[in-house]
Every structure is written in C-alpha cells, then in structure tokens.
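The values are calculated or read from the model by the stated rules, or taken from the named source; none is laboratory data. As the structure is a prediction and not an experimental result, all values here were calculated from the model. Here the Cβ is made from the backbone with ideal geometry for all residues, glycine too, and neighbour counts use every protein chain on show. Accessible surface areas use protein heavy atoms only, side chains included; no ligands, DNA or RNA. Shrake-Rupley method; radii C 1.70, N 1.55, O 1.52, S 1.80 Å.
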Amino acid sequence: MRGAVLHGPGDVRVEERADARIVLPTDAVIRLSATCVCGSDLWPYRGIEAVSGPSPMGHEYVGVVQEVGSEVRNVKPGQFVVGSFFASDNTCPICRAGYQSSCVQREPVGGLGAQAEYLRVPLADGTLVATPELPPDDLVPDLLAASDVLGTGWFGAVAAQVGPGKTVAVVGDGAVGLLAVLAARHFGAERIIAVSRHEPRQKLAAHYGATHIVTERGDEGVARIKDLTDGLGAHSVIEAVGTQESMMQAIRSTRAGGHVGYVGVAHGVELPGAELFFSHVHLHGGPAPVRRFLPELIDLICKREIDPGRVFDLALPLEQAADGYRAMDERRAIKVLLNP
C-alpha cells in the first residue's frame, strides 16, 4: 500500500509500505476514506522533534472496516468508522473515568501511519465508533475532523469549563483553536475572543462563533483581553499552540478563579511556580480523550448541527502529501485533507 513517510526534517515521501493486516485478535483493518496533516505533524517536519529513521506519518482517520480480528465485537466489515489518535480499550478504570488517551493499554496510532491507503487499528472495539450508516461524501471531512482536531478543541473547552454566560479566550488559530471556538459556542459562551493575526482564520473563527478578534500576542495580547474583560481576564481560556509564549498568554489572560484548558502539544514550556501560585488559575489539559466525545460529535455532525470540516481549506491526493506539509508549514493552509 502507499503511505506517507517522514525521512527527516522537511523530507516527506509517499512510498510503498507493508500492507496493513490483522496482527492481534483485537485489531481491525480499515480502508481509509480520508486522512490529513495535523499541526502536531509539523513539529518533527520542522526538526523540533527528533525522528530516528523513516517514520510513517498520520494519526487522524476515517474509513470503512475491511477486516476484524477474532475478538472484535463492536464493529464489523462494511461499517464506516471514526477513531481517535490513541487506541484504547475503553474498559479500564482510566477509560471509564473519561481519559481514554491515558488508557492503561493505549497505543499511539501515529506510529502506525494513518496517512496511507489502509490502517491497522489496535483495540478496535474500544477505539472505533461506527456511524449510523455510510455517510454522504460531503460529511466525510466533518467526521475526519472529529478524529482529532474537533475532539481536541472540544476537550479544551471542557477542561476550561466553558459554559453559559462566560467569556472565553482561545489562544491559537490553527484547526484546534478554531474548533475550540466552535465548541465554546456550542457550550453557550456569552463572549468568545479569538487570538489570530490571519484574516482567513479570523473569518472562520467568526463563522464558528467568535465575537471578538485579538491580533496581539504575548503581553500585548494579555492587555487586550484584559481590556475586553474590565481588567479581570476571561473566565475560560483555551491554549491551542503549545509554546512558552502561548501558555503564558493563556494563564495571564485568565481571571482569578478561572480555568485554562491546554491542548497544544507542549514544547519547551516551563511554568513559573510563584506566579501560578498567586494567580488562582486552574490548569487542566493534555492529550484529548477524543474517544469520550466521539458518539456525541458523530451525532451532531450527522444531524448537520456543526460543520467542523470547514477547517480543511486544501484537499490533495495522498501522493501529494509533501505539498500538503509545505502548505501548512508556510501557513498557506489551515489544515490539509489527503484523499488516499
């Protein structure tokens, strides 16, 4: 089968890989209907995360089940399924508490390479959720978004305790940040402040429910958010980047007693203990337990109540994956959908 492989910084190639197959009786093999490039894929692409040898890429996926192992009971061949970027059994105590991305048996799907024609999904019963029926083509991008960026933005809003009457700030205008805006609107936030310098992303943020746009970053961004909140800061702030600057902007933009939901993959982030101690700000986040939210998100998408697939502003054949990486690296695209 064909699949994207990262050979080193800036070097993505689509090449022949070993066919996906059942290895364990809890596995399923799916034929991918769509996959995509994630913002987190850019960390190794840019050389910020080390890559030791050729690495299959991709951890977001939807498709049709082709084959299941002998112990799989919840999904069957012919079903259209959505999975998360961590495989989980969905039965361990951690999963039952709603944190499937920390399942005691978790396995990162990224290591298996979802930017490909087929994918082996471990722990299929706990990882995959089937749609009620085969979806129409126009819903496939929306369902693909649920596999990671929508579920991650959703978790950011949950972790930040977004709710009716609250003011929410979203730091980061990538796909996760934009869909955190969508989630904040769904949860009834009164005001949603999107931090963005890029006009196309600002327009999409407004479409998803942003009521205010802040273009400043760092301390200037904090000051603007304070200006919009009577000097107090937002009730809820969602951090969707993962850098030192974005994390500190999120914390400093939050009012005393408020909540930060951080879902950007942290790189080089260090928290000043004394400042955090005196801020009275709650911090919660980490790898989103997407599996917790998939049934609800699939239902909302199938009812056409939300349209997360609009974050895909460039669609390419799988064979042009390298072009997709370049487009996202150069911020010419918010998120690239790949058609296997």
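List of remarks:
- Backbone N within the range 16-37 under 14 Å of label point (7 Å from Val64 Cα along the Cβ vector): 30-34
- Leading residue at positive end of dipole, the chain (Cβ point charges), from Gly98, Ala145, Leu232: Leu232
- Residues of the chain: accessible area per residue with a 1.4 Å probe, Å²: 41 Å²
- With helices as the sole contributors, the chain gives -8000 deg cm²/dmol at 222 nm; each DSSP H run of n ≥ 4 counts as -39500 (n - 2.57), and the sum is divided by every residue.
- Here the range 200-340 exposes an accessible surface that is 52 percent carbon and sulfur, computed with a 1.4 Å probe and the other protein chains kept in place.
- Placing +1 on the Cβ of every Lys and Arg and -1 on the Cβ of every Asp and Glu, with nothing else charged, gives the range 147-295 a dipole about its Cα centre of roughly 440 debye.
- Kirkwood hydrodynamic radius of the range 259-322, from the reciprocal of the average inverse Cα-Cα distance over all distinct pairs: 15.9 Å.
- Using the average count of surrounding beta-carbon atoms within 10 Å as a protection proxy, the listed peptides 275-285, 323-333, 290-300 rank, highest first, as 290-300, 323-333, 275-285.
- Protection proxy ranking, peptides 260-269, 199-208, average beta carbon neighbours within 10 Å, highest first: 260-269, 199-208
- Gap separating the Cα centres of the range 163-221 and the range 37-65, nearest whole Å: 26 Å
- Carbon and sulfur %, accessible surface of the range 1-125 computed with the full protein complex present, 1.4 Å: 49 percent
- Each of the peptides 164-172, 125-133, 21-29 was scored by the mean count of other Cβ atoms within 10 Å over its residues; in descending order, highest first, they stand as 164-172, 125-133, 21-29.
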